[in-house]
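Here the structure comes first, spelled out in structure tokens, and everything after it is commentary.
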Amino acid sequence: MPRSNKTEVVEPSSLALKFQQLETEVDDELQEKGDAVHTGVLALVSKKHHFQVGPPGIAKSLLVERIVKRIDGLPDGGYFHRLLTKYTTDDELFGAPDMGKLMNDSLFQRNTSRRLPVAYIAFLDEIFKGNSSVLNALLLAMNERVYDDDVLGPIPIDLISIFAASNELPE
């Protein structure tokens, strides 16, 4: 079929319009944060991760909070937020051992309720302050969209985007 020289105008889908509205609303609330708002919304659209670095008080956390509160249909536990420190453990991110299964069935299985493995969107504040064990576990979740269960092996997770922030670059 021959191609026409005429440019076809494509109307944006309702989903695209929702993302445009999301960006406009958050941008209106956070003055002078247009680039960060735009890249944050792009991260959601493209199922990529978003990282911000800067001094305290420049609305890194607020940006994520404003975006997430506007997402309709996010189930309970669909958003996970954690401030990382050098003392943060894998249990805080991926869930503590399910003591019932451990005691009754001698099975080590994590209770992932309200933790990263069941979240669609996560915000990890001060990400570079996490210890090497936590950061390595996060790499697998971020890059492969799985978390490694000690018994069952890699388990797929429905993570859309991780928003991460830091006041400083790692040393």
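The values are calculated or read from the model by the stated rules, or taken from the named source; none is laboratory data. In this text, all values refer to a predicted model and were calculated from it rather than measured experimentally. All Cβ positions, glycine included, derive from the backbone under ideal geometry; neighbour counts span all protein chains shown. When the accessible area is computed, the model is the full protein with side chains, heavy atoms only, and any ligands, DNA or RNA have been set aside. Shrake-Rupley method; radii C 1.70, N 1.55, O 1.52, S 1.80 Å.
Condition check: farther than 27 Å from residue 155 by Cβ and at pLDDT 90 or above. Does residue 42 satisfy that?
yes
Which one of these is touching a residue at least 40 places away in the same chain (Cβ under 8 Å) and open to solvent by less than 30 Å² (accessible area, probe 1.4 Å): 84, 107, 74?
Sole residue among the options that is touching a residue at least 40 places away in the same chain (Cβ under 8 Å) and open to solvent by less than 30 Å² (accessible area, probe 1.4 Å): 84.
Of everything in segment 114-171, what is open to solvent by 20 Å² or more (accessible area, probe 1.4 Å), over 20 Å from residue 75 (Cα atoms), of a type in the set (D, E, K, R) and in contact (Cβ under 8 Å) with a residue 12 or more places away in the chain? Give them in sequence order.
125, 129, 150, 168, listed by residue number.
Tell me whether segment 77-99 contains one or more residues that are among the small types (Gly, Ala, Ser), in a loop (DSSP other than H, G, I, E, B) and farther than 28 Å from residue 46 by Cα.
So far as segment 77-99 goes, yes, one or more of its residues are among the small types (Gly, Ala, Ser), in a loop (DSSP other than H, G, I, E, B) and farther than 28 Å from residue 46 by Cα.
Within segment 112-131, how many residues are in contact with a Lys or Arg (Cβ under 9 Å, 6 or more places away or on another chain) and of a type outside the set (Lys, Arg)?
The number of residues fulfilling the criteria is 8.
Which residues, taken from segment 60-71, are of a type in the set (Val, Ile, Thr) and open to solvent by less than 10 Å² (accessible area, probe 1.4 Å)?
Correct list: 64, 67.
Tell me, which strands (runs of 3 or more DSSP E) wholly within segment 127-171 include 2 or more residues that are hydrophobic (A, V, I, L, M, F, W, C)?
Strands (runs of 3 or more DSSP E) meeting the threshold: 161-166.
Could you list, in sequence order, the residues of segment 77-136 that are aromatic (Phe, Trp, Tyr) and either under 18 Å from the mean Cα position of the chain (by Cα) or at pLDDT below 95 (or both)?
Scanning segment 77-136 gives 79, 80, 94, 108, 120, 123, 128.
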